[in-house]
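> Once you've had a glance at the structure underneath, I'll fire off some questions.
Coordinate-derived values only; no laboratory data. Worth saying up front: this structure is predicted, and the values here are computed from it rather than measured. Here Cβ is always computed from backbone atoms with ideal geometry, including for glycine, and neighbour counts include all displayed protein chains.
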């Protein structure tokens, strides 16, 4: 069973539109993190958000642990936001992350 | 801080040959992780060290794959008798392991192609 589910699988936006990415977990976790990856690029941590709402620039993450879900909101999207956004959760106390399959975002001019 | 360094960036091996991948974690980080990324399977956890000790290798294929961390400055992932299905990007990550993952940092990965 896929422990981390992400939706949508892909998303195409026009520049300046907002994006809402969803993540849900099959088990309870207390560590949720969002990553970004360009094609062929390294994974970069965007937001570490175990609970509540966290913001970093145009990114806002909301995690509701008791409902086993997290979301990532990207406001005023830019062409350079294009890439894959991955949600990850920690299982147990190991610091090991389990990843969703990602949302591929394409922002067009 | 050069980040997590992985070498080589690309490796091509013939079926049945051995491949050794290297990772240099961020200085001061006590936790080192290996993952594998493919189009079909996505990101899969392989193994994890803390303070050089192996903690969890539940994601490692039991045959042919082994990982070591002989000192705090590098870890290796060795694949014996490589098979085409081993082709993937192998990622190393490190963190301070201080109860949160807020400083989780990935390397650029080694793209392994087995032909």
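> Only one of B:14, B:28 is out of contact with any strand residue (DSSP E or B) (no Cβ under 8 Å at 6 or more places or on another chain) and either surrounded by 18 or more Cβ atoms within 10 Å (Cβ to Cβ) or in contact (Cβ under 8 Å) with a residue 40 or more places away in the chain (or both). Can you tell me which? Even if it seems obvious, please write down each step before you answer.
Numbers: B:14 fails: out of contact with any strand residue (DSSP E or B) (no Cβ under 8 Å at 6 or more places or on another chain).
Answer to the selection: B:28.
> Being more than 9 Å from every other protein chain (Cβ to nearest Cβ), buried (at least 18 other Cβ atoms within 10 Å of the Cβ), outside any loop (DSSP other than H, G, I, E, B) and without any contact (Cβ under 8 Å) to a residue 40 or more places away in the chain is the filter here, so list the residues in segment A:33-53 that pass it.
Matches in segment A:33-53: A:46, A:47.
> Could you tell me whether any residue of segment A:21-32 is more than 29 Å from residue B:53 (Cα to Cα) and within 14 Å of another protein chain (Cβ to nearest Cβ)?
Yes, some residue in segment A:21-32 is more than 29 Å from residue B:53 (Cα to Cα) and within 14 Å of another protein chain (Cβ to nearest Cβ).
> Of the residues in segment A:100-109, how many are under 23 Å from residue A:57 (Cβ atoms) and within 14 Å of chain B (Cβ to nearest Cβ)?
Of all residues in segment A:100-109, those under 23 Å from residue A:57 (Cβ atoms) come to A:100, A:102-109.
From what is left, the residues that are within 14 Å of chain B (Cβ to nearest Cβ) are A:100, A:102-104.
Summing the residues that are under 23 Å from residue A:57 (Cβ atoms) and within 14 Å of chain B (Cβ to nearest Cβ) in segment A:100-109 gives 4.
> Inspect all residues belonging to segment A:75-93 and state whether any of them is facing chain B (nearest Cβ under 9 Å), in contact (Cβ under 8 Å) with a residue 40 or more places away in the chain, over 10 Å from the mean Cα position of the chain (by Cα) and at negative phi.
Scanning segment A:75-93, I find at least one residue that is facing chain B (nearest Cβ under 9 Å), in contact (Cβ under 8 Å) with a residue 40 or more places away in the chain, over 10 Å from the mean Cα position of the chain (by Cα) and at negative phi, so the answer is yes.
> Next up: In segment B:80-98, which residue that is more than 16 Å from residue A:41 (Cβ to Cβ), in contact (Cβ under 8 Å) with a residue 60 or more places away in the chain and within 15 Å of the chain's Cα centre (by Cα) is surrounded by the most Cβ atoms within 10 Å (Cβ to Cβ)?
By that ranking, first place goes to B:94.
Condition check ((1) within 14 Å of chain A (Cβ to nearest Cβ); (2) in contact with a strand residue (DSSP E or B) (Cβ under 9 Å, 6 or more places away or on another chain)) across all residues:
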position	(1), (2)
B:9	yes, yes
B:23	yes, yes
B:37	yes, yes
B:45	yes, yes
B:55	yes, yes
B:65	no, yes
B:71	no, no
B:82	no, yes
B:93	yes, yes
